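Q: Okay, handing you the structure first.
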C-alpha cells in the first residue's frame, strides 16, 4: 500500500505565515500588461515580487522563520548563508525584531546585495565560493555565538513564508474570477515554488505549476524528470546569481515532486530579453534570477497560447552596470 | 459680488471617465516602501502610473476623449501633437477604436517614444522644436483629413480622464482608512494635476495638492504665485522631455489656481537621484518627467516629516542609454 503524501507544509501553515507577515511585508500587486498579452497570445499576470521589502520574496520566509525564534534565544541573534537575497531578507527581518544578524556571503556576490545587506545592519562575512564551505562557516559562527541559523529554503517555516506569494496570487485570481492554467516561479533551492504550489493547488487544483531555472543550473528540471533529487551538471556560468543551488532541498523537493508538472530552463540571452522587455514595456526592474519564469514564457518554453498564465518575478536586486548592459 | 467657481470638470465627469476606461486602462497600484518611509520620515504612497498602458497616465485622457468622438467622425481619424507620452496614449487609444492616428512629434523626442508611437500603428510626423509650430502643423493635417484633434491637456474630457489617477488614489486611501496630507503630481500643461486635484479634493478636502516641475520650466510654480497664467523663463534645458510646456493651460489653470496650494521645482540632478532611488530600492523604472514629484520629496522641497504623502509617478518611457546614465 502506497504511503499517503503527508505534506510538511499545509495551506494552514501558509495562512498562519500570512498573518505573521501582514504588518511587515508588502502585499505585492498582480500586474497585467496588454503588451505582454498581445506578444504571447496568453492572458498573463505578473506577481511583482520585485516590489517586496528588500527587493525579493526572501523577506517573507526569513521573517516568518525569525518570528518563531523563542524570546530567550533572540539576543544571541541569527546567522544565514546566502548569495544575496536571503541575506537581505534575514538582515531586514532581524532588524525589525531588534536581533543581531551575521550573513555569510560569497565574495563574488553582486556589490549591491552586499551593501544592502550591511544597510539592514547585518555583519557580512565573505567566503570563497570555490574553496570554502559556507554552511560550515555559518555553523561555526552559530555555535560560537549560540545564534540561530536561518536556512535559505529547506525549512517548513521558510517554505510557508514564501508560500504567501502563492496565497496572494490565489486570492487575487479568485477576486478576478479567473482560474490560472499555469503558474511559473523561479527555483534555486525550491522554497518559493514549493510554497507557491501548495497555496495555488489549494485554491486551483487543476493549475499546472512549473519551476524555472537557468540552463546548466537545472537541478529541478532534472530531478522532476528523474523522480528523485539530482544535482545540476555544474557546467558553465550563469548571470542568475540568485539561482545557483546545486540540488533541490529535501523538504522542498518532496513537495515539488508531488505538485509540479515540469521544470523549464532558459539561457542567459533569454533572461536578458526578459529583463529588457520588463524595462521597456513594464517599467519594472528584475534581476536575472528574478526574470527566468518570464524568460521561459517569452522564449516559448511551454505552451501558453490561449491560456491564463501567472509568472512570479521573484527579485530585482541587480547592479546598475549589469542592468545597463542587459537593457542596452 | 464674486463669481462662484464653476469648475469645467467635476467629480462626476471623472467617475464617468473611470467607467469608460475600466475595461482598457490598468488600475495601477498605490505602492508603499519601508525604505522610502525611513528615508523621508513620512508615510509615502507611490501611485505607480509608470505601470499604465503605454507607460504613462496619458492613455487615460486620450482614451476618454477619443471614446467621445461620434461614430460618423471616426473613420477620418485623430491628430495629436506631443513630445511622446500623449503621442503613445493617443496612438494606443485610436488603435483600440480602430481609428487612424497621426502624431506630430519633435524630431528630438526620445527615440523609444517615437518607436513606441509607431508601434501602436500611428503615423509619426516630425517637426523642428525651434523653428516650427506643432499646433499649426497638426491643424493643417486635421483640416486636410477632416480628422479630430486630441489636445494634450486643455480639454475637459482629457482632464477628466487624467483625473481617474486621483480617483483611484482616493479610493485606495479610503479603503486603507488613511487621509493624505499632501498629494504631488508632475505638471506640464497641468491636466494630470488638475484632474487629480479635483478627485482628491472631492474625497479629502483638506489635502494639500502640489504641482512639480523642472527648474526653469516652472510655469505652474510661477503662475500659482502670481495668481495668473505666466510662461516659464525658458532658460536652459531639462532632461524632463515630458514637462516642457511653456505656459499652463487655460482650462487646467482655472482648476489648479483654485485647488493647488503651491508648485515645487527640482533640478535635473535631483531628478537623477529620484530615478536611481526608484531603480535601486523600488525596482521601478521612471522617466525624468515622471519622477519630479518624488524628486521634490527626496530633496526636501516641502515639509513631509510625519505626514502622509502621495506621489504620482506619471511615466516611465525613458531610453536605455539615458536610464543607464542616471542609475550609473
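The values are calculated or read from the model by the stated rules, or taken from the named source; none is laboratory data. This is a predicted model, so every value here is computed, not measured. Here the Cβ is made from the backbone with ideal geometry for all residues, glycine too, and neighbour counts use every protein chain on show.
Q: Can you work out which of the residues in the range A:281-293 that are within 14 Å of chain B (Cβ to nearest Cβ) and part of a helix (DSSP H, G or I) is surrounded by the fewest Cβ atoms within 10 Å (Cβ to Cβ)?
A: That would be A:281.
Q: Something else: Quick check on my filter: what residues within the range B:5-38 are within 13 Å of chain A (Cβ to nearest Cβ), in a loop (DSSP other than H, G, I, E, B) and in contact (Cβ under 8 Å) with a residue 12 or more places away in the chain?
A: The answer is B:24, B:25, B:26, B:27, B:28, B:29, B:33.
Q: Another question about this same structure. Somewhere in the range A:88-100, is a residue on the phi > 0 side of the Ramachandran plot and surrounded by fewer than 22 Cβ atoms within 10 Å (Cβ to Cβ)?
A: Among the residues of the range A:88-100, at least one is on the phi > 0 side of the Ramachandran plot and surrounded by fewer than 22 Cβ atoms within 10 Å (Cβ to Cβ), which makes the answer yes.
Q: Let me ask something else. Quick check: anything in the range B:299-318 in a helix (DSSP H, G or I) and away from chain A (no Cβ under 12 Å)?
A: no
Q: So which residues in the range B:208-225 are surrounded by 22 or more Cβ atoms within 10 Å (Cβ to Cβ) and in a loop (DSSP other than H, G, I, E, B)?
A: Of everything in the range B:208-225, those that are surrounded by 22 or more Cβ atoms within 10 Å (Cβ to Cβ) and in a loop (DSSP other than H, G, I, E, B) turn out to be B:217, B:218.
Q: Quick one: residue B:278 ticks every box in (1) away from chain A (no Cβ under 14 Å); (2) within 20 Å of the chain's Cα centre (by Cα); (3) surrounded by 19 or more Cβ atoms within 10 Å (Cβ to Cβ) bar one, so which box is it?
A: Status for residue B:278: all satisfied but (1).
Q: Still on this structure: Mind checking which residues of the range A:135-158 are closer than 15 Å to residue A:60 by Cα and in a helix (DSSP H, G or I)?
A: Scanning the range A:135-158 gives A:156, A:157, A:158.
Q: Being over 19 Å from the mean Cα position of the chain (by Cα) and either under 17 Å from residue A:63 (Cα atoms) or modelled with pLDDT of 95 or more (or both) is the filter here; which residues of the range A:1-15 pass it?
A: Residue satisfying the conditions is A:12 alone.
Q: In a helix (DSSP H, G or I), assigned by TED's automatic domain parsing to the domain that holds residue A:245 and in contact with a helix residue (DSSP H, G or I) (Cβ under 8 Å, 6 or more places away or on another chain): is that true of residue A:161 in this structure?
A: yes
Q: Out of B:182, B:149, which single residue is in contact (Cβ under 8 Å) with a residue 40 or more places away in the chain, surrounded by fewer than 24 Cβ atoms within 10 Å (Cβ to Cβ), closer than 18 Å to residue B:84 by Cβ and in contact with a strand residue (DSSP E or B) (Cβ under 6 Å, 6 or more places away or on another chain)?
A: Sole residue among the options that is in contact (Cβ under 8 Å) with a residue 40 or more places away in the chain, surrounded by fewer than 24 Cβ atoms within 10 Å (Cβ to Cβ), closer than 18 Å to residue B:84 by Cβ and in contact with a strand residue (DSSP E or B) (Cβ under 6 Å, 6 or more places away or on another chain): B:149.
Q: Exactly one of (1) within 14 Å of chain B (Cβ to nearest Cβ); (2) under 30 Å from residue A:134 (Cβ atoms); (3) part of a helix (DSSP H, G or I) is unmet by residue A:271. Its number?
A: Failing condition for residue A:271: (1).
Q: Can you name every residue in the range A:65-88 that is within 13 Å of the chain's Cα centre (by Cα) and part of a loop (DSSP other than H, G, I, E, B)?
A: Result: A:82, A:83, A:84.
Q: From the list A:94, A:62, which residue is part of a helix (DSSP H, G or I), more than 14 Å from every other protein chain (Cβ to nearest Cβ) and under 17 Å from residue A:315 (Cα atoms)?
A: Checking each option against the conditions leaves just A:62.
Q: Something else now. Quick one: residue A:325 ticks every box in (1) more than 8 Å from chain B (Cβ to nearest Cβ); (2) touching a helix residue (DSSP H, G or I) at 6+ places or on another chain (Cβ under 8 Å) bar one, so which box is it?
A: Of the numbered conditions (1) more than 8 Å from chain B (Cβ to nearest Cβ); (2) touching a helix residue (DSSP H, G or I) at 6+ places or on another chain (Cβ under 8 Å), the odd one out for residue A:325 is (2).
Q: Shifting gears a bit: Among what's in the range B:39-53 and is part of a helix (DSSP H, G or I) and within 14 Å of another protein chain (Cβ to nearest Cβ), pick the residue that is surrounded by the most Cβ atoms within 10 Å (Cβ to Cβ).
A: The extreme case among them is B:49.
Q: Let me ask something additional. Within the range A:120-134, restricting attention to residues that are in contact (Cβ under 8 Å) with a residue 24 or more places away in the chain and not in a strand (DSSP E or B), which residue is nearest to residue A:240 (Cα to Cα)?
A: Selected residue: A:134.
Q: In this structure, does residue A:296 turn out to be away from every other protein chain (no Cβ under 14 Å), crowded, with 24+ Cβ neighbours inside 10 Å and either out of contact with any strand residue (DSSP E or B) (no Cβ under 9 Å at 6 or more places or on another chain) or touching a residue at least 12 places away in the same chain (Cβ under 8 Å) (or both)?
A: yes
Q: Could you please find all residues in the range B:226-268 being assigned to a helix (DSSP H, G or I), closer than 19 Å to residue B:317 by Cα and touching a strand residue (DSSP E or B) at 6+ places or on another chain (Cβ under 8 Å)?
A: Hits for the range B:226-268 are B:242, B:243, B:268.
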